[in-house]
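Right, one structure below, let's go through it.
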Amino acid sequence: MSAVLEERPSATATDSAAAMVAAVRALADGPLRDAADATDRGTYPRALMQALGAAGAYRAHIGPGAAPGDFASAIRAMAEVSRVCGATGFMVWCQQVCGLYLQQSGNPALTGEFLQRHISGQQLGATGMSNPMKAYAGIEPLLLKATPCDGGYRVNGTLPWVSNLGADHYAGVLAGVEGLQDSQQGASREVMFLLRCDAPGVELRNCPSFSAMEGTNTWALRLTDHFIGADEIIADPAKPWIARIRAGFILLQTGFGLGVTQGAIDSMWAVEPALGHVNQFLEDRPDELQAELDALWERIETLSLTPFAQEKDYFIDVLDARAHASELALRAAQSALLHAGARGYLLSSDVQRRVRESHFVAIVSPAIKHLRKEIARLSAPEMPT
Ligand SMILES: Cc1cc2nc3c(=O)[nH]c(=O)nc-3n(C[C@H](O)[C@H](O)[C@H](O)COP(=O)(O)OP(=O)(O)OC[C@H]3O[C@@H](n4cnc5c(N)ncnc54)[C@H](O)[C@@H]3O)c2cc1C
């Protein structure tokens, strides 16, 4: 049997995945829709985040042991949420990808009961990996430094923006290790760990106001001589571990862009009876965008069958699909605004909110510019040694 077929979910898993996505859609169309405006403006939807966990939105991609689960259904759940509220959809990704870190850590302190509480939404977690991803792509230096000490490390530094945080939350983060190197000569060495917000030496600091996504509980995380020991380690050294999870990390994030795009298409159809006679002269009409979105879904579902594949061409394809999701979200949100006209220019309009959400889809790491840089680097012909 091929690796692809082995990783395909069973018929039973597929039935339960469909039920999970339907339960998430019911939440999205009900309480989540009612809360979307407040979430955009600053209210953190904690109870909804936990209800989504109870509905199963954070567990589909977690297979038994270290095996991958059903990534496509996890992406679909995130898209259902993002279709209605991009801010909550983004936090679904934060929670899902943090679950992936815990599962893949293989650390008994972070798997077992701890992982179960996370994927059921009883505990909430975050990801502070924008800076390391940009550091690995040569865009900026690593902001956290770990100094080896008795039984672990002391970590110092500040991450400027981490979402889905709270006093009793935690985040998967990475620090450069000072004075230690990988066996590969001269290579830097990093440690990835779970940062508990209530631990000594951890401070949550206010961020400036954003143009959207204000209810995402986004804080700066400042660490001062913060101790991490065996119970916090996700991967040490981190580099080979990151190579295993990076495609899954990026693939999961596509649910955010796919959902924002679908929400924009929905709002174009909503004004069609009244404005179709003049909107027919616009570009990026809803039927055209829907066809492009459906084709992108198909591509992402195929990529989701092998989220831990290591081949370079596969990874380039994942980066390209993620970039396509961003570009499509931007185009769809802008076209929805043109379709809606002045009613979409009201501050209270979901069409207006979605324009700002689509901007975040395109700038959150990996941003479009970051994705294109990585695709260019990986596609460059290899120099003979
Ligand atoms: C609402 C929101 C939520 C976010 N949530 C998360 C999260 O959950 N996890 C996570 O890891 N990252 C998060 N980020 C960070 C995000 O993924 C990007 O890394 C970030 O927006 C910077 O990317 P960039 O492409 O602008 O960086 P670049 O354009 O490459 O800029 C490089 C660096 O310059 C600095 N910089 C530029 N402008 C400013 C400024 N005005 N103020 C301070 N520093 C600046 C930053 O350090 C930035 O990373 C969030 C950002 C925002 C706005």
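Computed from the coordinates by the stated procedures, all read-outs in this text should not be read as laboratory data. None of the values given here were measured: they were computed from a predicted structure. Neighbour counts are summed over all protein chains in view; Cβ atoms, including those assigned to glycine, are modelled from backbone coordinates with ideal geometry.
Below are the figures for this structure:
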| item | result |
| --- | --- |
| Theoretical FRET efficiency, 1/(1+(r/R0)^6), r = Cβ-Cβ of residue 199 and residue 137, R0 25 Å, to 0.05 | 0.30 |
| R0 of 45 Å, Cβ-Cβ distance residue 363-residue 150: FRET efficiency to nearest 0.05 | 0.65 |
| Sequence-separation-based contact order of segment 3-125, relative, with Cα cut under 8 Å and 6+ spacing, percent | 28 percent |
| Nearest-0.05 FRET efficiency for residue 316 and residue 117, computed from C-beta distance (R0 25 Å) | 0.10 |
| Value at 222 nm in deg cm²/dmol, rounded to 500, when DSSP H runs of n ≥ 4 in the chain each add -39,500 (n - 2.57) | -17500 deg cm²/dmol |
| Net length gained if the chain between residue 356 and residue 295 were fully extended (0.36 nm per residue, minus Cα distance) | 19.5 nm |
| Exposure proxy order (Cβ contacts within 10 Å, fewest to most) of 94, 85, 149 | 149, 94, 85 |
| DSSP bridge orientation in segment 51-189 - percent antiparallel, rounded to nearest 5 | 60 percent |
| Net lengthening on full extension, residue 47/residue 230 (0.36 nm per residue, minus Cα-Cα) | 62.7 nm |
| Relative contact order (%) - the chain, alpha-carbon pairs under 8 angstrom, separation at least six | 18 percent |
| Using θ = phi - 60° and Karplus 6.51 cos²θ - 1.76 cosθ + 1.60, couplings along segment 361-372 (whole Hz; Gly, Pro as x) | 3, 7, 10, 5, 5, x, 5, 4, 5, 5, 4, 5 |
| Vicinal HN-Hα couplings computed from phi for segment 317-327 (Karplus, 6.51 cos²θ - 1.76 cosθ + 1.60; Hz; Gly/Pro x) | 5, 5, 4, 5, 5, 5, 5, 4, 4, 5, 5 |
| Entries in 145/373; 134/369; 145/239 that, when Cα-Cα distance is taken, lie over 20 Å | 145/373 |
| Cα-based reach from residue 312 at 18 Å (exclusive), listing aspartates and glutamates while leaving out same-chain residues under 8 positions away | 320, 374, 382 |
| Amide H within-cut-off set for residue 190, under 5 Å, with H built and near neighbours excluded | 177, 238, 239 |
| Packing rank of 139-145, 275-281, where each peptide gets the mean count of other beta carbons within 10 Å, highest leading | 139-145, 275-281 |
